[in-house]
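**Q** So that we are looking at the same thing, I have put the structure below in structure tokens.
All of the numbers you see were taken from the coordinates with simple rules; none came from a lab. Here the structure is a predicted model, which is why all the values come from computation and not from measurement. We place every Cβ from the backbone using ideal geometry, glycine too, and count neighbours over all the protein chains shown.
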Amino acid sequence: MHAAGYGVKMQNLYRTDGWVKSTLGPAIPGAQVWLCSQPANIAATPPSPLVPIFSDPGGLFPITQPIMTDGFGHYDFYTLPGLYTLVVAYGGQIQQVYPDQSIGGVGTGSSSGTALVLQTNGTPNVNQLLQNLTGAGSVSVFDNGNGTISITGSVFQVQTNGVPNTLQSLLNLKSGLNITLTPDAFGGVTVQASGTSLVLFENDCQNLTGWTTSGIISGGNTNGGYLETVLCNTAAYAYINTGIVSFAGCRIELDMLGGVGGSNGYLLFGCNASGAGPFFSFSPGTYGNSGFGNSIGWSYVGTAPGVATGGSGTQPQSTEWFHVIINVSKDGTFATFSANGANIAAQGSIVLEGSYIGLSAYSVSASFANIRIYPA
């Protein structure tokens, strides 16, 4: 038994015709024919791996292997160019194996053959008559006119605050305190504050959980109509890292008990873990608590309703609660403050040392309430 065939180029596929005959010459109808890629496994039927074959030159109608020869022992099919193994069987038994069968002029050497196979990522293209390179997005394609093609693209860089991210393959936006992120279907992300005012730090003075304390100081005290206050005894203090990168441009609000005999409360802000940094107090003079080091004094200076002037500074005449607002400049070099809505004075030079705030009392006890820090 033997098979003979020849190939004719038809559009993007190549046609193969063959005949199966006995050794004496008569045609053998009903013989089974398979087409395999190489190397082929022919230990049993069906052999493998089988390659796609078609009954039409456009590749629209695939043929399920094996191909059965007709009454004249004839078979035909279309396939892509390549080197194949042709397997012929009769009665379920393999009779002949023909390796290295060239279809489309492909030879065994790397430079042999005349067929051009158009591929994408190593896979033959469906259309073998046309290869059209097109640019997309930031990628452009240019024909150099000498048989070469230039493919160029712009480099996309992921940055945060103008600095390239370490990981350039992923940008994952994460929501922070009082911030919501809403992606849309077009690649946009809406960043929105989830509250009416964005709060960077707050403490309602119910407790001092997370604060470092020294001496007698505690939250949750009732004082002067306030149900939740921090009561700080003489020479006691507490401090905490707010996590704020810089106090520059921040607005600090809190309630402090002021007045004769009650004006020795101190609020330290933008300081380091040792207490070095600026502070606010209703008491004239400099800060004297040895629990903090190298603090830059900022006392209540100027006049306001219920405030008497004199000496090196001023302090409220009556013991009452004052709502204090401290506005730090954008560059962090100066600040202004107000008490009960009255703007008092512009502070001169201040030096921000860190992300901590602290509460303390000097010669008498002090009370604080409703501590909030906002962005400008």
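**Q** Using the Cβ atoms and a cut-off under 14 Å, what net charge is assigned to the surroundings of PHE280, where Lys and Arg are +1 and Asp and Glu are -1? The partial results should precede the final answer.
**A** Details: positive: ARG251; negative: GLU253, ASP255.
Charge balance near PHE280 sits at -1.
**Q** Follow-up question, since we're still on this one. Any chance you could list the semi-axes, whole Å, largest first, of the equivalent ellipsoid that the Cα gyration tensor gives for the range 8-69, using √(5λ)?
**A** Numbers: eigenvalues 93, 62, 22 Å².
After diagonalising the Cα gyration tensor, the semi-axes are 22, 18, 11 Å.
**Q** Please give me the summed charge of the neighbours of ASP255: other residues whose Cβ is under 12 Å from its Cβ, Lys and Arg +1, Asp and Glu -1.
**A** On the way: positive: ARG372; negative: ASP204, GLU228, GLU253, GLU320.
Once positives and negatives cancel, what remains is -3.
**Q** Return the loop-located chymotrypsin sites (Phe, Trp or Tyr not before Pro) in the range 16-86 (DSSP other than H, G, I, E, B) with at most 13 other Cβ atoms within 10 Å of their own Cβ; answer none if there are none.
**A** Numbers: sites: TRP19, TRP34, PHE54, PHE72, TYR75, PHE77, TYR78, TYR84; in loops: PHE72.
Counting only loop positions with at most 13 other Cβ atoms within 10 Å, the chymotrypsin sites (Phe, Trp or Tyr not before Pro) in the range 16-86 are PHE72.
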